[in-house]
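Each reported figure results from applying straightforward, stated rules to the coordinates on display, with no laboratory input. Since we're looking at a predicted model, the values are computed, not measured. Here the Cβ positions follow ideal geometry from the backbone for every residue, glycine too, while neighbour counts run over all protein chains shown.
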């Protein structure tokens with residue numbers, strides 16, 4: 001178990017990177033506490049798997065350092081780093097039984113057979129693999145195989161960090177949910193540092209205490225699921241997390257007040273809005289309501305579409321050219337035609353060039 | 001949904017029947033025809049029953065040829081399969097050398113069989129051939145036209161040169177199709193190179209190796225052209241394998257009855273051994 005520090009890490013897959021675009025990972029600093037559950041979240045190609053492979057030691061960084069418990073491990077092999085990794089596709093040793101698969105990392109390290117037996121039994125019990133312990137691993141279903149991959153990591157009790165690279169990709173939907181809760185439960189029970197890479201926000205938000213959102217090889221925001229939801233540092237986070245994503249309206253700031261068109265809108269951080277740059281107001285659909293009549297800070301909008309997504313409905317409206325979505329509960333009336341919208345001021349933020357105003361000094 | 005019963009669908013199978021009939025059944029039946037009858041020409045046939053089969057199965061000549069054939073195929077497989085696998089493991093997985101290696105490996109396979117025989121025939125000549133002369137200059141008495149051992153040595157060397165590439169290419173294709181994650185997981189699990197080979201590469205290569213061994217078994221068991229060109233079955237009968245003996249029966253002695261019976265026995269042996277091998281290899285597949 002270890003605390004992980006990622007210091008100025010950069011990585012390029014080509015040999016002589018000269019421009020910023022050459023880097024798959026532009027420049028990353030992260031500090032992760034021992035025993036935490038972390039998620040790396042981002043769209044495909046954002047560099048999250050690269051970062052993961054750098055931490056595990058499968059890749060060597062172009063620049064920067066990786067420290068486990070303040071010890072530089074940047075040049076160590078994966079074996080020496082003593083980490084475990086679960087891959088997207090289940091990796092098992094086909095010819096071995098489940099027991100031998102779980103015992104493999106210990107046998108390679110020359111652990112005593114008696115200890116191995118005890119340890120494997122313990123892990124198999126934890127992962128509910130005991131009944132299949134002596135069958136061939138190749139006969140198991142995808143989720144069983146993925147459990148074996150995980151088990152090979154858990155079986156070493158001194159492992160520094162367990163990493164997951166989109167581990168639920170090939171699992172059937174109904175088992176996905178089960179395995180996800182199992183993972184979370186395990187994490188809370190054994191308190192190992194775990195890093196979970198995914199492009200699925202549900203997986204990330206349910207698993208992790210801290211989510212690192214990445215885009216284009218950069219960390220856009222690190223925070224708890226609630227922080228990411230309530231205070232996205234970047235419009236990308238606003239969009240990527242939440243369903244539907246955050247509404248963004250072009251705005252201007254005059255005399256310390258934000259205006260959309262001619263309507264004054266109260267925003268949380270309007271005082272910090274810079275003088276220049278592209279300004280936008282961001283508000284999540286959850287914080288948009290129909291305005292009470294006579295309110296002066298309400299926006300005129302016209303309803304264009306209503307989609308029913310189960311327990312609530314998403315109403316899509318237009319304010320001038322911009323789409324604004326909001327949410328209507330199951331039993332509430334759905335408005336039609338022209339409506340007036342009000343934004344919750346404490347959850348309305350100004351973004352300058354994509355970044356939350358005031359977040360970057 | 002209701003199931004539609006229409007037996008006319010069987011007509012779709014007719015083309016396959018016709019094809020199989022013309023390329024397998026009818027030629028085979030001609031052989032069967034000769035193997036159970038006797039003929040003196042003029043298209044007159046007399047019933048011979050199982051006489052030809054009994055003769056062949058009892059003849060020492062057949063036993064000797066069969067033994068030679070089994071020994072030859074055995075040696076060839078024992079050399080080519082491990083060697084081919086070894087070469088495939090050493091070949092680069094990416095970079096500019098991949099194509100160079102692949103082309104070099106494919107070359108022997110592109111040479112016509114009788115040309116291969118001629119090449120080695122000339123190269124191994126003890127007086128003027130590069131190989132033959134080199135061996136003799138080392139002080140080893142080597143003459144493949146006179147000494148059975150030299151003849152066998154040359155034949156095996158030739159076959160290894162000619163066909164190991166096939167095993168290499170098949171194994172290489174199998175190796176490059178193993179996903180990187182397996183090697184990464186092995187690294188993380190602390191596996192040594194031997195363990196990577198034993199628990200990842202070998203199991204993943206099982207199917208291509210089965211195919212490689214089957215192909216090499218069948219081909220080497222039926223070897224004819226190269227041997228005829230190189231040694232003609234000699235010296236004496238030292239390299240008279242089944243196929244060469246068969247041609248001697250059929251065309252040398254014009255003994256069609258024995259030749260036909262031997263053809264069928266020969267065919268059944270290959271069929272049986274291939275089936276046996278395949279069944280054994282695939283036995284553990286679904287347990």
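Data table
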quantity: Sequence ranges B:200-211, A:180-191, ranked by mean other-Cβ count within 10 angstrom, highest first; calculated: B:200-211, A:180-191
quantity: Relative contact order (%) - criterion: Cα under 8 Å, at least six apart; region: the range A:154-291; calculated: 15 percent
quantity: Folded to 0 to 90 degrees: helix A:142-154 orientation relative to chain A principal axis, Cα; calculated: 70 degrees
quantity: Degrees between helix A:98-108 axis and first principal axis of chain A (Cα, 0 to 90, nearest 10); calculated: 80 degrees
quantity: Inter-centroid distance (Cα atoms) of the range B:185-260 relative to the range B:58-104, Å; calculated: 7 Å
quantity: Antiparallel bridge percentage (DSSP; both residues within the protein assembly as shown; nearest 5); calculated: 80 percent
quantity: Shape box of the range A:1-125 [Cα atoms, principal axes, largest first, Å]; calculated: 54, 31, 25
quantity: Where N is the number of residues in the range B:61-162, Cα Rg divided by 2.2 N^0.38 Å; calculated: 1.29
quantity: 10 Å Cβ neighbours from other chains, averaged over peptide B:191-201; calculated: 2
quantity: Sum of -39500 (n - 2.57) over DSSP H runs of 4+, divided by residues of chain A (222 nm, nearest 500); calculated: -7000 deg cm²/dmol
quantity: GNM flexibility winner over chain A from A:73, A:304, A:161 (Cα, springs under 10 Å); calculated: A:304
quantity: Average silhouette area of chain A, convex hull of alpha-carbon atoms, in square nanometres; calculated: 21.7 nm²
quantity: Segments A:150-156, A:240-246 sorted - mean Cβ within 10 Å per residue, highest first; calculated: A:150-156, A:240-246
quantity: Surface/4 of the Cα convex hull for the range B:150-287, nm²; calculated: 11.2 nm²
quantity: Alpha carbon convex hull of the protein assembly as shown, projected area averaged over orientations, nm²; calculated: 47.2 nm²
quantity: Degrees between helix A:113-126 axis and first principal axis of chain A (Cα, 0 to 90, nearest 10); calculated: 30 degrees
quantity: Average other protein chain Cβ within 10 Å of Cβ, residues B:174-186; calculated: 4
quantity: Most fluctuating residue given options A:162, A:66, A:14, as computed from a GNM of chain A linking Cα atoms under 10 Å; calculated: A:14
quantity: Chain B, helix-only ellipticity at 222 nm - DSSP H runs n ≥ 4, -39,500 (n - 2.57), divided by all residues, nearest 500; calculated: -20500 deg cm²/dmol
